[in-house]
Amino acid sequence: MLVNCAAYTEGKKLADIQVEDIKKYVSRPECFVWVALKDPGPGELASMQHEFDLHELAVEDARQGHQRPKIEEYGDSLFAVLHNIQVTSEDLKVGEVDLFVGKNYVLSVRNQAEPGFAAVRARCEREPELLKHGAGFVFYALIDAVVDRYFPVLDAIEDEFEKFEEQIFSGKSLRANIEGLYYVRQKLTTLQHAVVPLLEAVGKLYGGRVPQVCSGLQDYYRDVYDHLVRISQTINSQRDTVTTAIQVNVAMITFGETEVTKRLAAWGALIAVPTFIASLYGMNFKHMPELDWVLGYPVAVGSMALINILLFRRFRKAGWL
């Protein structure tokens, strides 16, 4: 689906244009065209490939989806894959944003990614002095928007972790805590997979041989890189903390099981002494009142069965069986 298609020149928007008019504006050196697609079909991508002369390998990656985050150069153009992450009720929703950037065009393709980039377009149009840099500034603004969306995701994960952290020493649902902490760690890993590959890729946009499209905007790309470093460091720190919390939970469970073992050992010791004496002598004394008692045997068997039933119910309720 085509979301937006507009032409810009000298930092100002010329007009919203039709797809068939793209070639006319791209051919003008002072203009660039910014097109936004959402969940496009193969025909739409093929049309954009024809209009902007996109590299076949980049189009293939965008068509297939499920790519790792990266920024690749194809001659004078760039192709970037970003992961857009949203917090849902129970999990993280990961979408993909593919960016094609050339001297006179920017094509953004969203696959299962919400929200869009209307705010980014409005921001760029409010800053004509920066928009004069053309496609390079739009490329920065789009990457910056995606990276900034990682901060609230990280905050939500930290809040979820704190909820489980408060329950560690409560003595309740320790096994459930371990399961919850595992999913927290899994979410951090998902966020890490979106951030870490971009560190090296964005670093190449402001240091060393900077692509021509990004020339003159190194300070802005360095700012994005700083944000990525901060997020990456927070993720690593949080992962270590979650790992420690899981270990503490396991230690608490082990401690609880040790206490149960101690109690069972104490009861076993209390029962073992009379059992040993009775087994040694066989209880075959001549003067035993119970020997001539008609109900002695059924009472003894019934007592054993009743005691075992009571113990079984007690252990089952305590979660030992």
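The values are calculated or read from the model by the stated rules, or taken from the named source; none is laboratory data. Remember, it's a predicted structure, so these values are computed and weren't measured experimentally. Please note that ligands, DNA and RNA were not included when accessible areas were found on the heavy atoms of the full protein model with its side chains. Shrake-Rupley method; radii C 1.70, N 1.55, O 1.52, S 1.80 Å.
Observations on the model:
- The stretch 1-87 shape via C-alpha gyration tensor axes, a/c threshold 1.5: prolate
- Within the listed set Ile307, Ile22, Ile85, the residue fluctuating most in the Gaussian network model of the chain (springs between alpha-carbon atoms under 10 angstrom) is Ile307.
- Distance violations [Cα-Cα > 30 Å] among Lys13/Lys93; Lys70/Lys103; Lys38/Lys204; Lys262/Lys317; Lys132/Lys187; Lys38/Lys187: Lys13/Lys93; Lys132/Lys187
- Angstrom value of the Kirkwood radius, inverse mean 1/r, which spans all Cα pairs in the chain: 24.7
- Calculated accessible area for the chain comes out at 58 Å² per residue, all protein chains present (probe 1.4 Å; ligands, DNA, RNA ignored).
- Remark: relative contact order (the chain) = 14 percent; criterion is Cα-Cα distance under 8 angstrom and separation of 6 or more residues.
- Cα-only radius of gyration and Dmax that characterise the stretch 86-169, units Å: 17.0, 60
- Solvent-accessible area, 1.4 Å probe, carbon plus sulfur percent, for the chain: 56
- Against the main long axis of the alpha-carbon atoms of the chain, helix 218-281 sits at an angle near 10°.
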